[in-house]
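K.L.:
The structure under discussion is supplied below as structure tokens; questions concerning it will follow.
The values are calculated or read from the model by the stated rules, or taken from the named source; none is laboratory data. Just so it is clear, the structure is predicted and the values come from calculations on it, not from any experiment. Reconstructed Cβ throughout: ideal geometry from the backbone, glycine too, with neighbour counts over all protein chains shown.
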Amino acid sequence: MSEHNHVVNKEGEMALNKVNDALRRMDGERKEDILESFDAFKRYLGGRIEVAQSIGLSEEMMAKAAEKIGDYLAANEEPRNREEKLLQELWKAGEQEHRHALAHILVRLVRTTQ
């Protein structure tokens, strides 16, 4: 896959506008594996956060990416468990600044439980 398809390029710059495209390209079975349980979701997000940290992305950039993922999931995926249902309800009830704060909390949750 060429670099223009990646969310993060070789220079470590993030293209947030490519997050939705990357999620849409994800194989259905892979997506099911990630969303089947909250622990699987946290492991997946943890792997992405490890990569982001290794290339020097700030917590703010990670939260912005998590916010994009949250927007996509809230609009396109049905919750598969109670935790996802709660997150979806919180996401939909909040304004943009609340969703951004929730994205920061998710990043911190995953970082502290890795």
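K.L.:
Could you list, in sequence order, the residues of the range 7-50 that are modelled with pLDDT under 90 and of a type in the set (A, V, I, L, M, F, W, C)?
P.N.:
VAL7, VAL8, MET14, ALA15, LEU16, VAL19, ALA22, LEU23, MET26
K.L.:
Related question: Take the residues in the range 70-106 that are among the aliphatic types (A, V, I, L, M) and over 15 Å from LEU35 (Cβ atoms); name whichever of them is surrounded by the fewest Cβ atoms within 10 Å (Cβ to Cβ). Spell out the reasoning first.
P.N.:
Initially, the range 70-106 is screened for residues among the aliphatic types (A, V, I, L, M), giving 73-75, 86-87, 90, 93, 101-103, 105-106.
Among the residues that remain, those that are also over 15 Å from LEU35 (Cβ atoms) are: 90, 93, 101-103, 105.
Details: LEU90: 15, ALA93: 9, ALA101: 14, LEU102: 18, ALA103: 22, ILE105: 13.
Among residues in the range 70-106 that are among the aliphatic types (A, V, I, L, M) and over 15 Å from LEU35 (Cβ atoms), the one surrounded by the fewest Cβ atoms within 10 Å (Cβ to Cβ) is ALA93.
K.L.:
When the residues of the range 49-60 are filtered to those that are surrounded by 17 or more Cβ atoms within 10 Å (Cβ to Cβ) and in a helix (DSSP H, G or I), which remaining residue is nearest to the chain's Cα centre (by Cα)? Lay out the reasoning, then the answer.
P.N.:
Here is the first cut: in the range 49-60, the residues surrounded by 17 or more Cβ atoms within 10 Å (Cβ to Cβ) are 49, 52, 57.
If we keep only those that are in a helix (DSSP H, G or I) too, we end up with 49, 52.
Values: ILE49: 9, ALA52: 12 Å.
In this case the residue turns out to be ILE49.
K.L.:
What is the number of the single condition among (1) surrounded by fewer than 16 Cβ atoms within 10 Å (Cβ to Cβ); (2) of a type outside the set (A, V, I, L, M); (3) under 16 Å from LEU16 (Cα atoms) that GLU67 does not meet?
P.N.:
Of everything listed in (1) surrounded by fewer than 16 Cβ atoms within 10 Å (Cβ to Cβ); (2) of a type outside the set (A, V, I, L, M); (3) under 16 Å from LEU16 (Cα atoms), GLU67 misses just condition (1).
K.L.:
Take GLY46 and decide whether it is closer than 17 Å to ILE105 by Cβ, surrounded by fewer than 18 Cβ atoms within 10 Å (Cβ to Cβ) and not basic (Lys, Arg). Talk me through it step by step, then tell me what you get.
P.N.:
Values: closer than 17 Å to ILE105 by Cβ: yes; surrounded by fewer than 18 Cβ atoms within 10 Å (Cβ to Cβ): yes; not basic (Lys, Arg): yes.
Criteria met by GLY46.
K.L.:
Right, another one. How many of the residues in the range 61-111 are assigned to a helix (DSSP H, G or I) and either of a type in the set (D, E, K, R) or in contact with a Ser or Thr (Cβ under 8 Å, 6 or more places away or on another chain) (or both)?
P.N.:
So in the range 61-111, the residues assigned to a helix (DSSP H, G or I) come out as 61-76, 82-93, 96-111.
Next, only the ones that are either of a type in the set (D, E, K, R) or in contact with a Ser or Thr (Cβ under 8 Å, 6 or more places away or on another chain) (or both) stay: 64, 67-68, 71, 82-85, 89, 92, 97, 99, 108, 111.
Selection size over the range 61-111: 14.
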